[in-house]
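The values are calculated or read from the model by the stated rules, or taken from the named source; none is laboratory data. Note that the structure is predicted; figures quoted are calculated from it, not measured. Ideal geometry is used to build each Cβ from the backbone, glycine not excepted, and the neighbour counts take in all protein chains shown. The area values use the complete protein model at the heavy-atom level, side chains included, leaving out ligands, DNA and RNA. Shrake-Rupley method; radii C 1.70, N 1.55, O 1.52, S 1.80 Å.
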Amino acid sequence: MSREFAFPGTQPKWAPDRAVALRHLALALEVDPAARTIAGTVALHATVVHDEVRALELDAVELTVTAARVAGAPVGFRHDGARLRIELATPAARGAELAIEVDYHGAPRRGLYFIAPDDGYPDKPTQVWSQGQDEDARYWFPCIDTPAAKATTELTVTVPAGLFALSNGALIADDARGDRRTMRWRLDAPHSPYLVTLAIGDFAALAARWRDVPVVYYVQRGHEAAAARTLARTPDMLELFSTRLGVAYPYPRYAQVFVADFIFGGMENTSATTLTDSLLLDERAALDYDVDALVAHELAHQWFGDLVTCRDWGEGWLNEGFATYFEYVWREHRDGRDAADVELAAWAEAYFGEDAGRYRRTIATKRYDEPIDIFDHHLYDKGGRVLHMLRDLLGDAAFWRALGHYLDAHRHGVVETRDLARAVEAATGRNVDWFLSQWVQDGAGHPELAVAIAWDAAAGHAVVTVEQTHAVDAATPVFRLPTRVRFRVGAVDHELALELTDVRHVARCALPGAPSQAIFDPGQVLLAQVKVDKAEPLWIAELADAARIEAGGLVLNEDPFDLAELCIEV
């Protein structure tokens, strides 16, 4: 039995109060890769939103602050190693504009990472790269380190000559003088501090294009062919996602950079994704394998996470669940429904394992110790499966229309689950509060279903009995489950729509004859553990034609997920 996710006494984490609304963040930084140090100035432009502000607090961890200024004039400050309090010379009233500058230096241990050759790895490149998610931007520049603090950004970085520095947006200046090179990047779209990026190295650049948007791949010199091979389908993904959403890719360029020793597979920094160089595919590997899922995931974040951002980490599924689901959207488009459905099945198994073996929790939650704790199979895999069910509930046209409206309504803003519900209602007229309540906000777990399908020859009816056999408690409800059963009689399919709302549901479907095929939940849309009792000939027919993964496992008495490849080829 799974345990509780949060430890006893864990207090809910709410988005913090906002004394100011950030407008622009400008960072001027000198980076010394050899010494593993940084020194610079961060300038913050903000508007006061409280009635009166006497001081501004920033996150600044393990950095040495040497000076602070407001409107160019020195002011007092206090820094305890984690929080920096800047005193204003005079109180600032609501609506006042503040221009704050902080000088600092440091040798970051998190947030910004220094990579260099050593005795064990003499061929390792010299690189520096950032990783701000979830709350690690504060380790390399003072900021208000919360997803809700969105601002336009500018990064001016000085590095040793011969190195290149990538950041968000467009490169607007590049000046090499002597042994130093200074590059200036600017993004005029507001985004969160955790998405501010810096990647420094001796990179080769490969140029591609989507519509009129530059698409650039950066990689350590000598690995250009592998980068091109690995990322070749990026423009096609940009076209697919932009078309489906009705919202074009929202930034002036899209870059992807491969770095050494990256701590994750990838990170969706706004307009400039970072990827681990372990993804680079040689010619032989590319025959059998691709990393399209990760490439699609990070690209989808440019809409879901960057353009529209979770208000706080407790709503992080609005970033990660969407990006995960777009792995499916790409696979479905490129390789077909069967191949994509294998990924859906794998997500379900990953989530079921976590739910049974570790803990059960609501997808959206305020109760966690550290934000990183919620980046789990509930957030990614269950979140993606919930979106798949929502798509099935609404239908394709309405689903994509709703997502486009959601993005347009909250462009450059922050969101909670209720914002998704209101966007769906505005775009389609459908109230999905009940759906998001049971799957995301209030309900935890998933249904366990016992399904029996029988043929009543005397009445000419197929009889479908569905029982919700899971333990019902305060966290896990009796689920409301719209689904269907597909019967085949001769060459004609007949569908019985079901809306399961009780522990036990019995339905009859009049048919012109005994069905040769009977499939509960065609396409296995429901995130449920299902046991189906039906005649063996119905299983054999299903194996030959329709839901081959499940049928293969039951007919051959094997784990169906070990049979995925076999079943697709049947």
Q) If the chain between Y289 and R180 were fully stretched, how many nm would it gain, using 0.36 nm times the residue separation less the Cα-Cα distance? A) 35.2 nm
Q) Can you run phi through the Karplus equation (6.51, -1.76, 1.60; θ = phi - 60°) for region 91-101 and list ³J(HN,Hα) in whole Hz, with x for Gly and Pro? A) x, 9, 7, 3, x, 6, 9, 10, 10, 10, 10
Q. So what J values fall out for region 267-279 if you push phi through Karplus, 6.51 cos²θ - 1.76 cosθ + 1.60 with θ = phi - 60°, rounded to Hz, Gly and Pro as x?
A. 8, 7, 3, 4, 6, 8, 6, 9, 10, 6, 6, 5, 7
Q.
Going by Cα centres, region 162-202 and region 278-294 are how many Å apart?
A. 28 Å
Q.
Take the residue pairs K13/K382; K13/K150; K124/K150 and return only those whose Cα atoms are more than 24 Å apart.
A. K124/K150
Q) Label points 7 Å out from Cα along the Cβ direction at E425 and K124: separation in nm? A) 5.3 nm
Q: Please list 351-357, 301-307, 129-135 highest first by mean number of surrounding beta-carbon atoms within 10 Å per residue.
A: 301-307, 129-135, 351-357
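Rank-order 30-41, 396-407 by packing density, defined as the average count of other C-beta atoms within 10 Å over each peptide's residues, highest first.
Sorting 30-41, 396-407 by mean packing, highest first, produces 396-407, 30-41.
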Q: Please list the non-local residues whose amide H lies under 5 Å from the amide H of V532, H modeled 1.01 Å from N, same-chain partners needing a gap of 5 or more.
A: V451
Q. Considering only W313, V291, L275, whose Cα is most displaced toward the positive end of the charge dipole of region 262-372, charges sitting on Cβ of Lys, Arg (+1) and Asp, Glu (-1)?
A. W313
Q) Under 5 Å between amide H atoms, partner at least 5 residues away or on a different chain: which partners does R484 have, H built in plane at 1.01 Å? A) L498, D521
Q) If you find the alpha carbon centre of region 517-540 and of region 97-159, how far apart are they in angstrom? A) 51 Å
Q: For region 398-408, just list the computed ³J(HN,Hα) in residue order, Karplus coefficients 6.51, -1.76 and 1.60, θ = phi - 60°, integers in Hz, with x standing in for Gly and Pro.
A: 5, 4, 5, 5, 5, 5, x, 5, 4, 5, 5
**Q.** Gyration tensor (alpha-carbon) shape descriptor, region 227-314, a/c threshold 1.5
**A.** oblate
Q) Using a Förster distance of 30 Å, how high is the FRET efficiency between A397 and R83, based on the Cβ-Cβ distance and rounded to 0.05? A) 0.05
Q) How high is the relative contact order of the chain, in percent, with contacts defined as C-alpha pairs under 8 Å that are six or more residues apart? A) 10 percent
Q. At 222 nm, what helix-only mean residue ellipticity would the chain give, in deg cm²/dmol to the nearest 500, using -39500 (n - 2.57) for each DSSP H run of four or more?
A. -7500 deg cm²/dmol
Q: With a 1.4 Å probe and every protein chain left in place, work out the accessible area per residue of region 158-246 in Å², rounded to a whole number.
A: 40 Å²
Q. How do the peptides 455-466, 228-239, 374-385 rank, highest first, by the average count of neighbouring beta carbon atoms within 10 Å per residue?
A. 374-385, 228-239, 455-466
Q | Rough spin-label spacing in nm, given labels placed 7 Å along Cα→Cβ, for A459 and H45 | A | 7.3 nm
(Q) Let's see if you can work this out: charge +1 on each Lys and Arg Cβ, -1 on each Asp and Glu Cβ, no other charges. What is the dipole magnitude of the chain about its Cα centre, in debye to the nearest 20? (A) 1560 debye
Q) Let a ≥ b ≥ c be the square roots of the eigenvalues of the Cα gyration tensor of region 294-410; is it rounded (a/c under 1.5), or, if not, prolate (a/b larger than b/c) or oblate? A) oblate
Q) Using a basic spin-label model with each label point 7 Å from the Cα along Cα→Cβ, how many nm lie between E62 and R358? A) 2.4 nm
Q | With every protein chain in place, the chain: carbon and sulfur % of accessible area (1.4 Å) | A | 50 percent
**Q.** Three-way shape label, region 138-251, alpha-carbon gyration tensor, a/c 1.5
**A.** oblate
Q) What residues of region 510-529 lie in the reach of a label at D493, counting those whose backbone N is under 19 Å from a point 7 Å from the Cα along Cα→Cβ? A) 510-527
**Q.** Gained length - A450 relative to H24, 0.36 nm times residue gap less alpha-carbon distance
**A.** 147.8 nm
Q.
Taking amide H atoms as placed 1.01 Å from N in the peptide plane, list the residues 5 or more away in sequence, or in a different chain, whose amide H sits under 5 Å from that of R83.
A. A60
